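The values are calculated or read from the model by the stated rules, or taken from the named source; none is laboratory data. Predicted model, so just to flag it, every value in this text is computed and none were measured. Note that we place each Cβ from the backbone using ideal geometry, even for glycine, and neighbour counts take in every protein chain shown.
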Amino acid sequence: MSYWHQMYPRRPKTERLEVENGDARFESLMAKELSERDRKFAESLKRQFEDGGKLSPKQIECVEKMEQRYSPASVLRREKWAQSYKKNHEPVAKICARYYRTTSYFRDLATKILLDEDFVPTEKQFNALTKNKYAQKAIAAATEPPAFPVGTLCKVRANYNLVQRHDLHDQIGLVTANHPVGLYASSTILVNGEHVKLEDRCLKAAAKKKKK
């Protein structure tokens, strides 16, 4: 054997198998309301099947997965999920989507949720987006009452890890707005004549003056 063939051996030909009831199965599959992506893939597999009546084991597995995905039971399950999502889960999905659009994760999914009113994520996508620990923080920040409601006084923590501006440390501020978005809720405060936006964890309650 030559050096070339030792270094770059030919790949063995992919095994091709008969597709049981292939004609009928492809006819049934193509008659269903497939997504644009699935329809293109199914058409490609169908052409290859028609050329020789055989497909690779991996291709046959793909056909079986599409048949399962578009079975009456699966379609009904997706329809029920879509109804449940619109009725019960969309607000939570949008909370998480607003957070994730500020990150490098789930950005395409988050954009679709926020900008396409007809879009319904799969149940798997919804769970991935909303059930992780970061999403839970974003949900809590958006749904729990503000720690410092508008009109209350607060004090900026003297902590460089949280507040890098030394001139704000231990200063008293008046809360003028709440922002329940992101991992940590934030507030705009009027401090020393300046409006400053800080995360609520950067603030603490202003000490009440003791009565004489």
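Take the residues of region 149-188 that are in a strand (DSSP E or B), free of Cβ contacts under 8 Å to residues at least 40 places away in the same chain and hydrophobic (A, V, I, L, M, F, W, C): which is nearest to Lys137 (Cα to Cα)? Going through the qualifying residues, I end up with Ala177.
Listed conditions (1) at pLDDT below 95; (2) touching a Lys or Arg at 6+ places or on another chain (Cβ under 6 Å); (3) over 24 Å from Tyr99 (Cβ atoms) are all met by Leu183, apart from (3).
Between Asn192, Asn159, Asn178, the distinction of being of a type outside the set (Ser, Thr, Tyr) and at positive phi belongs to Asn192 only. Can you find even one residue in region 65-75 that is in a loop (DSSP other than H, G, I, E, B), of a type in the set (Ser, Thr, Tyr), under 30 Å from Glu20 (Cβ atoms) and without any contact (Cβ under 8 Å) to a residue 24 or more places away in the chain? Yes; the residues of region 65-75 include at least one that is in a loop (DSSP other than H, G, I, E, B), of a type in the set (Ser, Thr, Tyr), under 30 Å from Glu20 (Cβ atoms) and without any contact (Cβ under 8 Å) to a residue 24 or more places away in the chain. Report whether or not Leu174 is more than 28 Å from Leu203 (Cβ to Cβ) and at pLDDT 95 or above. No: the conditions fail for Leu174. Taking each residue of region 15-32 that is in the same structural domain as Asp51 (by TED's automatic domain parsing) and looking for partners that are of a type outside the set (Gly, Ala, Ser) and part of a loop (DSSP other than H, G, I, E, B) with beta-carbon atoms closer than 6 Å, six or more apart or interchain, yields Lys32/Tyr70.
Checked against the criterion of being under 11 Å from the mean Cα position of the chain (by Cα) and within 30 Å of Val196 (Cα to Cα), the candidates Ile139, Ile113, Ile95 yield just one match: Ile95. Before we move on, is Ala93 surrounded by 16 or more Cβ atoms within 10 Å (Cβ to Cβ) and of a type outside the set (S, T, N, Q)? Criteria met by Ala93.
Consider Lys197 carefully, then state whether it is under 30 Å from Gln83 (Cα atoms) and under 32 Å from the mean Cα position of the chain (by Cα). So Lys197 does not fit the description; no.
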